[in-house]
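This report refers to the structure that appears directly beneath it.
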Amino acid sequence: MAIGYDARHLSDTFAEDTAAVMRGAGLDVWLLPRPLPTPVLAYAVRELGCVAGVMVTASHNPPEDNGYKVYLGDGSQIVSPVDAEIAERIAEVGDLTSVARGSDWQVLGEDLLDRYLDRIAGLVADGPRDLAVVHTSLHGVGGSPVAQVLERAGFPAPYAVAEQAQPDPDFPTVAFPNPEEDGAMDLALALAEQRGADLVVANDPDADRCAAAVPTPTGWRMLRGDEVGALLATHLLRRGRTGTFATTIVSSTLLSKIAAAAGQPYVETLTGFKWIGRVPDLAFGYEEALGYCCDPDHVKDKDGVSALVLLCELAASLKAEGRSLLDLLDDLAREHGLHATDQVSVRVSDLTLISGAMERLRSTPPTSLGGLDVLGVDDLAEGSDDLPPTDGLRFRLADGARVIVRPSGTEPKVKCYLEVVVPVEDASDNPDQTDAVEAARISAATRLDALGSDIRAAAGL
């Protein structure tokens, strides 16, 4: 089996403990040579023909956290019932001194990382490379791999945020090492303004997620995960990618329309790449929480490094045409309607507030939200032919809007995922299509605000 680890407190110790126990159980063990991105471990599981893999990481959680991700031999994360079976075996362990331990595991060399980076660099085609990029790894392990893969792909060296470039398990410059959190991108955006950059890209500490920001006439704008997902899907489809395009039930429905227009299958899964990675014939998958699977034949998990390189390729190609990522998003809005998404996320200290909110919504569901009639409510805990049961509620609204409410699987939060779809006026009605898209965007923002307020009130949050 393969074992990897990030640069958090004690990650190396936990990884070596895991290696010792696995050797004691009679398994051959390959340990990654140093703290590396989670997708490198996912790649190693398949590349080395392992029966399983373990990644010691807590992703973008606070500094005091650490965790343990388990992969099966096909390179995908475990799902039920394997998780419960592992928990049962843990519970059966008695005196820890009775657990057999070995010491002769193999530490891999840099050649595995080289193969991973070469694979990613090979995802991009020949084309424009004129792009000024700012990158931050948010004190994680993505800095060096990103710089290396951009060089191999022919891009100029990125401007790295010096204060966040080296791994630091205390994450001293941010409240939370998550590019979605307020303030986490401030240093990167300031450097981009100083350098006149074309694009800002960021990874979370274990580099399995990718965030992006783009310049506008009024300052820098963070792209939502759904926007990046739509951009990457469009880019891959134009490059001839075929197969199933997949996202989660809490992500935008825009991907379904993009896939249908290209004549490709589309699937929705439960939240998390443990589900997306298991989709048969997967061509591309993403979730709104900044996770993108762009090379499922080699990494059946989210990979912030490959997503970053492909996004740079797309941005450079558009720049050469005098266009931008925002222009392409406007094109998608004209073709499919403006799909705008937002999230209401409420962190609680009392976990009973989470169960209380879910019970309140089940017992007295709202009949309208944000001025839109509720056309139907799906209790996801009941499961369906397409989805296993999970704790969540989906409110289907008029005009293609929807709200999904679920407890977070990793944090003490209630999450409400909002989407509205606003048609863009036809050119015959409005010759200025830029103004038409902007008008739809303003209308969507108003609707999202109303949805957010109403679902919070309905849930008692």
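What to note about this one:
- Only beta bridges with both residues in the chain are counted; by DSSP, about 65 percent of them are antiparallel.
- Cα-based equivalent ellipsoid of the chain: semi-axis lengths in Å, sorted from largest, via gyration tensor: 35, 29, 20
- Dividing the convex hull volume of the alpha-carbon atoms in segment 1-55 by its residue count gives 59 Å³ per residue.
- Ranked His139, His336, criterion: other C-beta atoms within 10 Å, fewest first: His336, His139
- Value of relative contact order over the chain, rounded to a whole percent, pairs C-alpha under 8 Å and six or more apart: 12 percent
- Spacing of the modelled spin labels on Asp111 and Arg323, each 7 Å from Cα toward Cβ, amounts to 4.4 nm.
- Cross-link reach list, lysines versus Lys274, counting only Cα pairs under 30 Å and skipping chain neighbours closer than eight places: Lys69, Lys257, Lys300, Lys302, Lys413, Lys415
- Rounded to the nearest 500, the helix-only mean residue ellipticity at 222 nm of the chain stands at -11000 deg cm²/dmol, with each DSSP H run of n ≥ 4 adding -39,500 (n - 2.57).
- Rh by Kirkwood over Cα pairs, then Stokes-Einstein D for segment 2-111 at 0.890 mPa s and 25 °C, µm²/s: 170 µm²/s
- Spatial offset of segment 354-427 relative to segment 76-139 amounts to 33 Å, using the alpha carbon center of each.
- Segment 338-459 - charge dipole about Cα centre, Lys and Arg +1 at Cβ, Asp and Glu -1, debye rounded to 20: 660 debye
- In plain terms, the bigger the Kirkwood radius, the slower the diffusion; for segment 338-459, with that radius from Cα pairs, at 4 °C and 1.567 mPa s, Stokes-Einstein puts D at 84 µm²/s.
- The packing ranking of peptides 352-365, 208-221, 83-96, highest mean first, is 208-221, 352-365, 83-96, where packing means the average number of other beta carbon atoms within 10 angstrom of each residue.
- Extension gain, Asp118 to Asp426, is 106.4 nm, computed as 0.36 nm per intervening residue step minus the present C-alpha separation.
- Note on Asp12 and Leu351: their simple-model spin labels are 3.3 nm apart, each label 7 Å out from Cα toward Cβ.
Computed from the coordinates by the stated procedures, all read-outs in this text should not be read as laboratory data. Values in this document were obtained by computation on a predicted structure and should not be read as measured data. Cβ atoms come from the backbone with ideal geometry, glycine included; neighbour counts cover every protein chain shown.
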